[in-house]
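Just below is one structure, and these are the notes that go with it.
Quick note: the coordinates plus some simple rules give every number you see, no bench work behind them. Everything quoted here is computed from the prediction, not taken from an experiment. Here the Cβ is made from the backbone with ideal geometry for all residues, glycine too, and neighbour counts use every protein chain on show.
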Amino acid sequence: RAPEPVYRIGFSQCTAGDAWRQAMRAGMEKELSFHPNVQFEALDAHNSTALQRRQVQALIRQRVDLLIISPNQSGPLTELTEAAYNQGIPVVLLDRRTTSRLYTAYVGGNNLEVGRTAGHYAAQLLHRRGRVVEVLGAPGSSPATDREQGFRQALAAYPGLHLVAQVQGDWLPSSVRQRLPAVLRAHPDVDLIFAHNDPMGRAARQVVQALGLGPRVRIIGVDGLPGPGNGLQLVEDGALNATLLYPTGGEEAIRTALRILAHEPYEKENVLGTMVVDSTNVGTMRTQTEQLAVQRHDLGQQQRRLQAQQRRYASQETTVYLLGAS
Ligand code: FRU
């Protein structure tokens, strides 16, 4: 059997510093563990567009075989991703998009749909009447733009629902703790907050409580990660009334990348679904994700054992070979 070719995949990540990105990375590593022929280099831009631009330039200079990128902001990273693509480096956009059609594949959710689903769910929770505040993700990042647009589209169907304010949350709880209090003091009669992700939703709940506005204020988040302090648990604890699942796409991104590199058929648009998780289905959801986590852990252990065995076997082969040669 011919040896598998070595592939160099570069991954430019807008940030690696939150649970969702860590889950994404874990999914990638799981998939990569089946492909020891892949050299994987991940660069963390720490939410800085300027740093991410330099990192992408470095990956292009290294002539990686494929670039996976989650662009911090769409506009400022478009030209570089186009440049990579035009130089023959396949580009997989992961979760966040550029503004260009020049990419090889996209893997991630449909954020217009996420926003719309949040809007319709909000209408249902409030019986079509009420005041809403929206906490936005970082300006210029495609999920923030699309979630906002989708939410607005859905609200337009309910004349009794009013979007009374928007807050720049930058995807970060710290920004919410800083900016939301003033907005809620100006709108103490708010009925619902839609936060573009669960960490901001959690911070919003803390602000609501600190201001003494009480559990009357409903909060919806996005991501729905399992694990302590994450979305599913926040819903179970009642800190969030609901979250919208937003799969990280880590595993799918690696699978797609490998198909592209092996010149196998692949889809250009790999859109992952969403759904509402609230008190009615969070228990089922948690049991399922926990089972999956256990299976993943077992699989990882098996993989490591297998690799150790292969290493032992390989070194035995060389010993036998050396003995034969002497
Ligand atoms: C994590 C995150 C998620 C959000 C996604 C959007 O870095 O902020 O919470 O769903 O990025 O790109």
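Binning at 10 angstrom from zero up to the longest distance, how are the C-alpha pair distances of the range 174-293 distributed in percent?
13, 37, 25, 16, 7, 2
What number, in nm² with one decimal, is the all-direction average of the projected area of the convex hull of the alpha-carbon atoms of the range 19-76?
Its Cα hull, projected and averaged over all orientations, spans 4.5 nm².
Measure nothing fancy, just the Cα-based angle from helix 198-210's long axis to the longest principal axis of the chain, in degrees from 0 to 90, nearest 10.
30 degrees
Evaluate the Kirkwood expression for the hydrodynamic radius of the range 33-164, namely the inverse of the mean inverse distance over all pairs of different C-alpha atoms, and round to one decimal in Å.
16.6 Å
So for I9, I220, I260, fewest C-beta neighbours within 10 Å to most, what's the order?
Taking fewest neighbouring Cβ atoms as first place, the list is I260, I9, I220.
Add -39500 (n - 2.57) for each DSSP H run of 4 or more in the chain, then divide by its residues: what number comes out at 222 nm, to the nearest 500 deg cm²/dmol?
It comes out at -16000 deg cm²/dmol, rounded to the nearest 500.
Is there a quick way to get the dipole size of the range 69-204? I mean about its Cα centre, with the Cβ of Lys and Arg at +1 and of Asp and Glu at -1; what is the value in debye to the nearest 20?
Charge dipole of the range 69-204: 360 debye, to the nearest 20.
List the relative contact order of the chain as a percent without decimals, with contacts defined as Cα pairs under 8 Å and 6+ residues apart.
Answer for the chain is 16 percent.
For a footprinting-style exposure proxy, rank L292, L261 by other Cβ within 10 Å, fewest first.
The fewest-first ordering by Cβ neighbours comes to L292, L261.
Where the only charges are on Cβ atoms (+1 Lys, Arg; -1 Asp, Glu), what is the dipole of the chain about its Cα centre, to the nearest 20 debye?
Result for the chain is approximately 340 debye, rounded to the nearest 20.
How many nm is it between the label spots at H187 and A157, if each spot is 7 Å from the Cα in line with the beta carbon?
2.1 nm
Using alpha carbons only, how many degrees (0 to 90, rounded to 10) separate the axis of helix 142-155 from the longest principal axis of the chain?
40 degrees
Between the helical axis of 111-125 and the dominant principal axis of the chain, each derived from Cα atoms, what acute angle in degrees is found, rounded to the nearest 10?
40 degrees
Starting from the Kirkwood Rh over alpha-carbon pairs, what translational D in µm² s⁻¹ does the range 108-237 have by Stokes-Einstein at 37 °C and 0.692 mPa s?
228 µm²/s
Just for the Cα atoms in the chain, what are the lengths along the principal axes, largest first, rounded to whole Å?
Answer, in whole Å and largest first: 87, 43, 33 Å.
Hey, could you pull the Cα Rg and Dmax for the range 191-248, both in Å?
10.4, 35
By count of other Cβ within 10 Å, fewest leading, how are E41, E269 ordered?
Ranked by crowding around the Cβ, least crowded first: E269, E41.
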